[in-house]
């Protein structure tokens, strides 16, 4: 049930989205970067988290000034993505195809022809929100697994923007597993952002040299359906230009040991994330507490 606070947040968000849609594309992009820089100053604790995470990940690879610059870029990227999401009603699938390039595009059709669906694992990198819209623009069915926002009004508003580009929504709840398997059987691509801390702690693996709790879900779904995992991220190239970086599919093996196979598949896409993030560090969301597992 929506509270007064929820309604205030909703109308503030709706107002901000409305302003973004009145702007030209170039102005909206600059506005997004400005919002990112503003929030980096308004919530300095998050910027300190980002810098701390960067220093753990890259050690002495950068100077203090460079770490500060990368952290600021990460905030700017979040702001740009937020504004781009707000403008989803102004984007058509034809425009998406012009905005986004992909060298390994044949992977999607190859996997689709196998008729088992696929799990697309991505991270909060570049414009992660637009990745699903690109899959749909390429002629495939795509459903994204999303956490339910604490504000139901804002949650509905954001999901309506996604649905405007024909992205299906699978909210995280009791029936999520059933909904995912059903969609896979219909040969849908399922998008899961699998780069944040998993509170269950059921699978702990190295990520950037530190222990991290990783979600088993993507590999579990792949094993149950016998479908591949496709690691992919949406890299920001310049204004209104993006590149989808798609790795080769990771297939479940015939191994009778499900846990070993789940670990193998998960490690493979974590390595993909590490490689891309290391190359473009300013485009990943370093601002969250990714490493909550005690590292010795």
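The values are calculated or read from the model by the stated rules, or taken from the named source; none is laboratory data. In this text, all values refer to a predicted model and were calculated from it rather than measured experimentally. Every residue, glycine among them, receives a Cβ derived from its backbone with ideal geometry; neighbour counts consider all protein chains shown.
At a glance:
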| quantity | calculated |
| --- | --- |
| Of residues in the range 71-110 being surrounded by 22 or more Cβ atoms within 10 Å (Cβ to Cβ) and assigned by TED's automatic domain parsing to the domain that holds residue 189, the one nearest to residue 24 (Cα to Cα) | 100 |
| Filter result for residue 206 (under 22 Å from residue 275 (Cβ atoms) and at pLDDT below 95) | no |
| Subset of the range 163-180 (residues that are touching a helix residue (DSSP H, G or I) at 6+ places or on another chain (Cβ under 6 Å) and part of a helix (DSSP H, G or I)) | 180 |
| Some residue of the range 89-102 being in a loop (DSSP other than H, G, I, E, B) and either at pLDDT 95 or above or touching a strand residue (DSSP E or B) at 6+ places or on another chain (Cβ under 8 Å) (or both) | yes |
